[in-house]
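Structure first, then comments.
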Amino acid sequence: MEMKIKNSKRINLLNPSIIIPAVALIILLLIPKLISGYFLHTVILILMYATLGAAWNWLGGFAGQISLAHAVFFGLGSYVNACCQIWFGINPWVAMVISMIIVGVFSVLIGIPCFRLKGHYFAIATIALGEIIKTIFVNWPAAGGAIGLYIPIKDISLKNFQFYSKIPYYYIILMMYILSTIITIWIKNSRNGYYFRAIKEDPEASKALGIDLVKTKLLAMWLSGVMCAMVGSFYVNYVLYIDPEGSFLFMNSVKIALIAVMGGMGSVFGPIIGSIIIILLSEGSRIYLGGMGAGLDFVIYGLLIMIIAVYQPGGIVGAFNSYTKKRKKAKRQIVNQGIQNDSIA
Amino acid sequence: MSNIFLQILLGGVLTGFVYVLISLGLTLIFGVMDICNFAHGDFLTIAMYAAFCFSLWFGLDPIISLPIVTLLVGLFGAIVYWLLIRHVLNSSGMAQIFVTFGLMIFIRGMMQALFSANYRKITNPLLEGSFTFGSIALSKPQVVASIGAITATLIIYLFITKTRTGWALQAVSENRQAASLMGIPVQKMFILAWAIGAACVGIAGGLMAEYYYIYPEVGALFGSLSFITVALGGFGSIPGVFIAGLLIGITEVVGGFYLSPAYKYLLVYSLYFVVIVIRPQGILGKKA
């Protein structure tokens, strides 16, 4: 009930909540006019990880299940897409749909045993899952083995998902990011979204209220997996190459989770904020410190993660919210004091 | 045939003992304070590099420098607790997980910056060659490492179950508040848990430096194996870790021999999955 009251309040404050996203959208649409080359590539990476972070957020931020296997969904999506194109010559867009279906089924099949586990047990089971899938792909010759797969070069066209410049790729990933944001807003305001949060806050109580725990968690996992497969399909067609070490990397799973957590769990704009910070940090430290000596970039990167975890565990959006809450509280106090003064007078 | 099987089985047991010691440190920290240290494997990397440095600079064999390495890594664990973990004790589980992830990235980067990404090995180790019993041959450093590991495990187990300090540790892991009301210094117990937990890995790392390659990411594999071991045995349970460590060591070596070395970890992780589906709380874990 309280949530609904809050939401209706937010709709009353129409102006800033519509103007800010609108301005952001215009800037995002204009970005390819402003920058190009490596910088555009960085923006594409930021949007890609923001979309993955949003997908993680549905499962981790809303439903409270800490998954460290999102790189598996992402990598599996890329692999299914690449294999469909190479083995059967299927069109990349059709292959994307196929990969989303297969990874969706896969995520549900994995979810059934894993969701019997809680907390750390679930996180560790997802780590084990990642290792299993990686070992299978490293030892599977038809899927390229340890060397990986190259997507064959075709005629440049939207139909073939291959372009001469980076700009069309940018708009495709932007669409995916916007889609993920719309789904996040839907989750935030829908009945299922309330179920997700109820499960996170108190699984026993939500079970007692009649929420089907496993079914709801599976829905979150399925949504998350399908979105990751979509982004994975984009990525493999963008770089035209895939290998098991790179795509099932445990550190990638950590990165995706980190982006969602750092931005702010269960928030709409958390993933993009987290993604901007993490990608700029890792790319920046790689460019400016990578030359000074191997490993120094990771030292700085790790140090910053520790500092944020210690001093700002609620994420950036969490920090912003607590700041505005404090301001509102202060305002209310001033108003109350005014009322008191009036009554005294 | 039976001789080969015995040889393989013994190899598995020897590997398993080392896993038991590494996982013991993890389960101790988890049991006492409910925090899963994802940088656990990287403590092993630090121990191995410390042993390597002693051998390079002072010509000390890892077996001889073992006490110093153990002390150093134990101290490192206590420092990590004091500088990092102490501050996230009351925050969400997410912050606790990510602080150790940050530490993991930090240690890997640091080791790479200091020692480069090259594979290193101790030159002229004290223990070389193998013991032979009839037709069974076991590599000397590995036998010494497993004997050392199992001795250390026993000592720590006795310390926790038989001494007053050990009881205090157990009390803190049962109920933090009640323990502090009984006059147990909880903060000191946390430091102790981290020091012992890290020292376990220190011993394992020092012993493994004798025969294993040393590189910045050596801890990654052993770290994830120790999570699997701890989860398989049941979080916080020491006998559980013992059983699970042996089971994983034997699965790895026997499976690697009869199937294919490429699939040995696949078997280990699948074993974990099968057990966890049947018993979500692990072999000896308490039902949550």
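The values are calculated or read from the model by the stated rules, or taken from the named source; none is laboratory data. Since this is a predicted model, take the numbers as computed values, not measurements. Cβ coordinates were reconstructed from backbone atoms using ideal geometry, including for glycine residues, and neighbour counts include every protein chain displayed.
Starting from the range A:234-256, keep only residues that are among the small types (Gly, Ala, Ser), then list their pairs with residues that are part of a loop (DSSP other than H, G, I, E, B) and surrounded by 19 or more Cβ atoms within 10 Å (Cβ to Cβ) whose Cβ atoms are within a distance under 8 Å, requiring at least 6 positions of separation or different chains.
Pairs found: A:Ser253/A:Ser67; A:Ser253/A:Leu68; A:Ser253/A:Ala69.
For the range B:83-101, state whether one or more residues are touching a strand residue (DSSP E or B) at 6+ places or on another chain (Cβ under 8 Å), more than 9 Å from chain A (Cβ to nearest Cβ) and modelled with pLDDT of 85 or more.
no
From the list B:Ser226, B:Ser260, pick out the single residue that is within 14 Å of chain A (Cβ to nearest Cβ), buried (at least 24 other Cβ atoms within 10 Å of the Cβ) and polar (S, T, N, Q).
Only one candidate passes the filter, namely B:Ser226.
What is the one condition in (1) more than 20 Å from the chain's Cα centre (by Cα); (2) within 14 Å of chain B (Cβ to nearest Cβ) that A:Ala123 does not satisfy?
Answer for A:Ala123: the failing condition is (1).
Of all residues in the range B:230-248, which are facing another protein chain (nearest Cβ under 10 Å), touching a residue at least 60 places away in the same chain (Cβ under 8 Å) and part of a helix (DSSP H, G or I)?
Once the filter is applied, which keeps residues that are facing another protein chain (nearest Cβ under 10 Å), touching a residue at least 60 places away in the same chain (Cβ under 8 Å) and part of a helix (DSSP H, G or I), the range B:230-248 yields only B:Val230.
Residue check, A:Gly144 against (1) more than 12 Å from chain B (Cβ to nearest Cβ); (2) in contact with a helix residue (DSSP H, G or I) (Cβ under 7 Å, 6 or more places away or on another chain); (3) on the phi > 0 side of the Ramachandran plot, all met but one. Which one?
(2)
Starting from residues that are closer than 18 Å to A:Pro271 by Cα and small (Gly, Ala, Ser), keep the ones in the range A:156-200 and report whichever is modelled with the lowest pLDDT.
Here the answer is A:Gly193.
Using the structure shown, decide if B:Gly255 is without any contact (Cβ under 8 Å) to a residue 40 or more places away in the chain and crowded, with 21+ Cβ neighbours inside 10 Å.
Yes, satisfied.
Would you confirm, using the coordinates I've provided, whether B:Val230 is more than 26 Å from B:Phe5 (Cβ to Cβ) and β-branched (Val, Ile, Thr)?
Here the answer is yes, as B:Val230 does meet what is asked.
Using the structure shown, decide if B:Leu225 is within 13 Å of the chain's Cα centre (by Cα) and touching a residue at least 40 places away in the same chain (Cβ under 8 Å).
yes
Need the failing condition index for A:Gln162 against (1) in contact with a Lys or Arg (Cβ under 8 Å, 6 or more places away or on another chain); (2) farther than 24 Å from A:His41 by Cα, just the number.
Of the numbered conditions (1) in contact with a Lys or Arg (Cβ under 8 Å, 6 or more places away or on another chain); (2) farther than 24 Å from A:His41 by Cα, the odd one out for A:Gln162 is (2).
Being more than 8 Å from chain A (Cβ to nearest Cβ) and either of a type in the set (Asp, Glu) or in contact with a Leu (Cβ under 9 Å, 6 or more places away or on another chain) (or both) is the filter here, so list the residues in the range B:263-280 that pass it.
Scanning the range B:263-280 gives B:Leu267, B:Val268, B:Leu271, B:Val275.
When you go through B:Tyr212, B:Tyr157 one by one, which is the residue that is under 30 Å from B:Asn124 (Cβ atoms) and either outside any helix (DSSP H, G or I) or away from chain A (no Cβ under 14 Å) (or both)?
Unique residue meeting the criteria: B:Tyr212.
Scan (1) small (Gly, Ala, Ser); (2) crowded, with 24+ Cβ neighbours inside 10 Å; (3) at pLDDT below 90 for the single condition B:Gly25 breaks and write down its number.
Result: B:Gly25 passes all but (3).
Anything in the range B:206-226 that is farther than 26 Å from A:Ile132 by Cα and not hydrophobic (A, V, I, L, M, F, W, C)? List them, or say none.
Result: B:Gly206, B:Glu210, B:Tyr211.
Going through A:Gly338, A:Gly293 one at a time, which residue ends up being at pLDDT below 85, outside the structural domain of A:Asn57 (by TED's automatic domain parsing) and among the small types (Gly, Ala, Ser)?
Exactly one residue qualifies, and that residue is A:Gly338.
If a residue counts only when it is acidic (Asp, Glu), surrounded by 14 or more Cβ atoms within 10 Å (Cβ to Cβ) and free of Cβ contacts under 8 Å to residues at least 40 places away in the same chain, which helices (runs of 4 or more DSSP H) contained entirely in the range A:125-219 have at least 3 such residues?
In the range A:125-219, no matching helices (runs of 4 or more DSSP H) lie anywhere.
List every residue pair whose Cβ atoms sit under 6 Å apart, with the two residues 6 or more apart in sequence or on different chains, where the first one lies in the range B:187-202 and is touching a residue at least 12 places away in the same chain (Cβ under 8 Å) and the second, anywhere, is part of a helix (DSSP H, G or I) and among the polar types (S, T, N, Q).
From the range B:187-202, the pairs are B:Ala199/B:Thr70; B:Gly202/B:Thr70.
Only residues that are within 30 Å of B:Val144 (Cβ to Cβ) and either within 14 Å of chain A (Cβ to nearest Cβ) or over 17 Å from the mean Cα position of the chain (by Cα) (or both): list them for the range B:63-82, please.
Once the filter is applied, which keeps residues that are within 30 Å of B:Val144 (Cβ to Cβ) and either within 14 Å of chain A (Cβ to nearest Cβ) or over 17 Å from the mean Cα position of the chain (by Cα) (or both), the range B:63-82 yields B:Ile63, B:Ile64, B:Ser65, B:Ile68, B:Ile79, B:Val80.
Please find, among B:Gly206, B:Gly236, the residue that is within 16 Å of the chain's Cα centre (by Cα) and buried (at least 24 other Cβ atoms within 10 Å of the Cβ).
Going through B:Gly206, B:Gly236 in turn, just one is within 16 Å of the chain's Cα centre (by Cα) and buried (at least 24 other Cβ atoms within 10 Å of the Cβ): B:Gly206.
Every residue, every condition in (1) crowded, with 18+ Cβ neighbours inside 10 Å; (2) within 23 Å of the chain's Cα centre (by Cα); (3) closer than 24 Å to A:Thr42 by Cα, yes or no:
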{"site": "A:Arg286", "(1), (2), (3)": "no, yes, yes"}
{"site": "A:Asp297", "(1), (2), (3)": "yes, no, yes"}
{"site": "A:Tyr301", "(1), (2), (3)": "yes, yes, yes"}
{"site": "A:Lys329", "(1), (2), (3)": "no, no, no"}
{"site": "A:Val335", "(1), (2), (3)": "no, no, no"}
